[in-house]
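Peer 1: This is the structure I want to talk about, given as structure tokens.
The values are calculated or read from the model by the stated rules, or taken from the named source; none is laboratory data. Just so you know, these numbers come straight off a predicted model, no measurement behind them. With ideal geometry, Cβ positions are generated from the backbone for all residues, glycine too; neighbour counts draw on all protein chains shown.
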Amino acid sequence: MADLGELVGVLKAAGEGTRLRLLALLADGDHSVKDLTEILKQSQPRVSRHLKLLADAGLIQRNAEGAWAYYGLAEDGDGAALAQWLIGRIDGDHPDRRRDVERQQAVRAHQQEQATQYFAKVAGSWDLLKTLHVPEEAVEAAVVEALGGRRVDTLIDLGTGTGRMLELLSGSYKRGIGLDSSREMLAVARSRLATSGIGHAQVRLGDIGDPDVVVGPADVIVIHQVLHYFDDPGRMLGQARRLLKRGGEMIIVDFAPHNLEFLRTEHAHRRLGLSQAQMSGWAAAAGLEIAQTREFPSQDNENGLTVCLWRLSDQVERNSNA
Ligand SMILES: C[S@@+](CC[C@H](N)C(=O)[O-])C[C@H]1O[C@@H](n2cnc3c(N)ncnc32)[C@H](O)[C@@H]1O
């Protein structure tokens with residue numbers, strides 16, 4: 001039971017037009033203050049004030065990340081329950097709501113475009129660039145190990161880039177599919193697969209934030225160094241889940257939380273690494289559970305990055321087998 005005064009505070013925080021619009025926007029995934037300012041067309045201090053009131057009342061949560069902060073709906077407590085209740089009752093056809101959704105899509109499209117432009121520029125040198133500051137060999141060995149020597153029917157590599165994962169795992173699948181939104185990266189991937197004589201893998205142009213389900217379903221989905229290019233990795237994971245067979249697995253490799261702000265300003269990263277707590281929340285929301293986590297600290301102490309590998313398995317199938 002909550003204290004009367006506290007309940008009034010939560011209701012007051014939620015009881016305002018812009019704040020209700022913010023709750024509806026965050027129901028579709030995490031956003032930074034900058035995005036929300038652009039979507040609502042209100043000044044940044046104003047939006048920050050609304051967000052603070054919502055966060056103080058437990059309706060949303062704030063995650064600081066370097067110079068930025070991301071906001072998402074609260075995951076538990078009275079505030080979280082009230083937010084869900086309200087969101088379920090907001091009319092999607094209301095003109096304000098329709099405009100917000102249009103702008104939200106435009107903001108996401110713009111971010112996607114920035115990432116695409118970056119990868120168009122670096123495609124030719126990507127294989128060299130990606131090894132910087134990262135224990136690449138150990139990570140690749142762990143990705144192979146995560147498959148446990150199995151040979152699966154279909155493996156999908158989301159954000160395949162230059163196709164390295166399809167090459168590395170070519171002995172582990174009968175049919176491999178790589179999806180990527182950069183034509184330039186895919187051109188390098190095609191030539192790599194052809195040079196290595198890998199005829200059972202194909203790469204296709206596509207947006208993994210809204211993947212075409214005809215490419216699935218997969219026994220295994222690999223997402224190697226891709227999630228940090230998304231403002232809301234949890235949303236992307238939910239989309240990827242649609243491509244997974246029941247009982248299937250995802251192998252995710254990404255950075256642990258870090259403070260290298262230049263990766264954001266110069267290399268199109270959106271998130272400065274992903275924490276264990278974030279990954280378990282996103283996995284649970286996508287109906288997956290973490291079967292294994294491994295960490296690979298860098299040898300380079302100054303600019304080094306710790307890489308994490310997560311193996312996520314389909315919860316439904318595991319539970320029904322239990
Ligand atoms: C850092 S690279 C990783 C490539 C590859 N997985 C690897 O580890 O070598 C990230 C890749 O994600 C792709 N990407 C980013 N956003 C995407 C999106 N929305 N849809 C498809 N691919 C995307 C980029 O084009 C890029 O090739």
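Peer 1: I need the strands (runs of 3 or more DSSP E) fully contained in segment 112-224, keeping only those with at least 1 residues that are within 30 Å of residue 262 (Cα to Cα) and more than 22 Å from the chain's Cα centre (by Cα).
Peer 2: none
Peer 1: Just one of (1) crowded, with 24+ Cβ neighbours inside 10 Å; (2) within 12 Å of the ligand (Cβ to nearest atom); (3) over 10 Å from residue 163 (Cβ atoms) trips up residue 218, so point out which.
Peer 2: Single failed check for residue 218: (2).
Peer 1: Against the conditions (1) at pLDDT below 95; (2) outside the structural domain of residue 224 (by TED's automatic domain parsing), where does residue 179 fall short? Just the number, please.
Peer 2: Condition (2) is where residue 179 drops out.
Peer 1: Same structure again: Which residue, of 151, 164, is loosely packed, with under 13 Cβ neighbours inside 10 Å, closer than 20 Å to residue 202 by Cα and in the same structural domain as residue 221 (by TED's automatic domain parsing)?
Peer 2: 151
Peer 1: Next question, about the same structure. Would you mind finding the one in 64, 74, 2, 55 that is surrounded by fewer than 14 Cβ atoms within 10 Å (Cβ to Cβ), small (Gly, Ala, Ser) and without any contact (Cβ under 8 Å) to a residue 24 or more places away in the chain?
Peer 2: The unique qualifying residue is 64.
Peer 1: A follow-up question, please. In segment 181-213, which residue that is touching a residue at least 60 places away in the same chain (Cβ under 8 Å), of a type in the set (A, V, I, L, M) and more than 8 Å from the ligand (Cβ to nearest atom) is surrounded by the most Cβ atoms within 10 Å (Cβ to Cβ)?
Peer 2: So, considering only residues that are touching a residue at least 60 places away in the same chain (Cβ under 8 Å), of a type in the set (A, V, I, L, M) and more than 8 Å from the ligand (Cβ to nearest atom), the one surrounded by the most Cβ atoms within 10 Å (Cβ to Cβ) is 188.
Peer 1: Does segment 143-154 contain any residue that is under 22 Å from residue 229 (Cβ atoms) and at pLDDT 95 or above?
Peer 2: Yes; the residues of segment 143-154 include at least one that is under 22 Å from residue 229 (Cβ atoms) and at pLDDT 95 or above.
Peer 1: Among 288, 305, which is assigned by TED's automatic domain parsing to the domain that holds residue 178 and within 16 Å of the ligand (Cβ to nearest atom)?
Peer 2: Only one candidate qualifies: 305.
Peer 1: Another question, if that's okay. Just a yes or no: is a residue in segment 10-29 surrounded by 14 or more Cβ atoms within 10 Å (Cβ to Cβ), outside the structural domain of residue 160 (by TED's automatic domain parsing), in contact with a strand residue (DSSP E or B) (Cβ under 6 Å, 6 or more places away or on another chain) and closer than 25 Å to residue 261 by Cβ?
Peer 2: yes
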